[in-house]
Amino acid sequence: MTEDEIIALRRGSETPVRAAPADLQGVAQDLSAAFAADPMFDWFMRDDARRDAARLGLFKRLVGMALSDGEVLRPAGGGAASIWLPSESLGPSTLIDELRVIPTVLAATGFSRLSRMSAMRAAMDKHHPMERPHVYLWFVGVRPEAQGLGVGSRLLSAGLQRVDALGLPAYLESSSPANVPLYRRHGFEVTREVQPRPDSPVMWAMWREPR
């Protein structure tokens, strides 16, 4: 990010906007940087010189899916992003869809850590509450150089205003214990701790009723 872009984020002068398909690369780069030190990503991502490129490739795939199925919010100048999905888009994937993502998944994990990602996905699917329609906060991340400026909080506020306007609850999993208090300040409450395997980090499942 440029110094002017960081200054704009620090001033809070940029209202989050909805990302367009042309923003895919920038959003993927921001989220890849934001999750470079995330405990869960560190656990399942490949552990070699190709890790950074593989993580970016994974986010390109995920952001592309989100632009089709949900809503991606970001500051106009970039540096952060949040991804919101309607719960009805979270049904079981078709065999064709699963086959299409295999190359991206293998590039991200390598063969040695593929079972880790599989365990994470299975645990998330098992504990995701699907009894009520809701909006799923799939990702929210801020580049390291823009963290501590209130950017993530503004993204959450902007997204939750839209969720509240729909009269829907929201759900997320936090893989970082440091972020749990932030989500609580925005109305989320921990419903359970999810640990995919005994050797994996813990995730905090959190739910928010509409306001």
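Rounded to the nearest 5, what is the percent of antiparallel bridges among the DSSP beta bridges in region 65-182?
Bridges in region 65-182 that DSSP calls antiparallel: roughly 85 percent.
Over the chain, what number does the Rg to Rh ratio reach, with both radii from the alpha-carbon atoms and Rh per Kirkwood?
Details: Rg = 16.5 Å, Rh = 17.6 Å.
The Rg/Rh ratio comes out at 0.94.
Testing the spin-label approximation: label points 7 Å from Cα along Cα→Cβ at Val101 and Thr191. State their distance in nm.
2.0
Within 12 Å, Cβ to Cβ, of Ser157, how many net charges do the neighbouring residues add up to if Lys/Arg are +1 and Asp/Glu are -1?
Summing Lys/Arg as +1 and Asp/Glu as -1 gives +3.
Around Ser115, with a cut-off of 15 angstrom between Cβ atoms, what is the net charge of the other residues, counting Lys and Arg +1 and Asp and Glu -1? The partial results should precede the final answer.
Details: positive: Arg46, Arg113, Arg116, Arg121, Arg197; negative: Asp47, Asp199.
Computed value for this residue: +3.
With charges set only on the Cβ (+1 for Lys and Arg, -1 for Asp and Glu), what does the dipole of region 80-211 come to about its Cα centre, in debye to the nearest 20?
240
With a sphere of radius 11 Å drawn around the Cβ of Gly187, what net charge do the other residues whose Cβ falls strictly inside it have (Lys, Arg +1; Asp, Glu -1)?
On the way: positive: Arg184, Arg185, Arg208, Arg211; negative: Asp164, Glu189, Glu209.
Taking every other residue near Gly187 into account, the sum is +1.
Rounded, prolate or oblate: pick one for region 36-87, where a ≥ b ≥ c are the square roots of the eigenvalues of its C-alpha gyration tensor, a/c under 1.5 means rounded, and failing that, prolate if a/b is larger than b/c, else oblate. Don't skip to the end; give the middle numbers.
Working: a/c = 2.14, a/b = 1.75, b/c = 1.22.
Judged from the Cα gyration tensor, region 36-87 comes out prolate (a/c at least 1.5, a/b above b/c).
Residue separation times 0.36 nm, minus the C-alpha to C-alpha distance between Met124 and Asp38: what's the value? Intermediate values should be presented prior to the final figure.
Values: separation 86, 0.36 × 86 = 30.96 nm, distance 1.65 nm.
Difference between extended and current length: 29.3 nm.
Here, each number is a calculation from the coordinates, and none is a lab measurement. Bear in mind that the values here come from a model prediction, so they are computed numbers and not experimental data. All Cβ positions, even for glycine, are placed from backbone atoms using ideal geometry, and neighbour counts span all protein chains on display.
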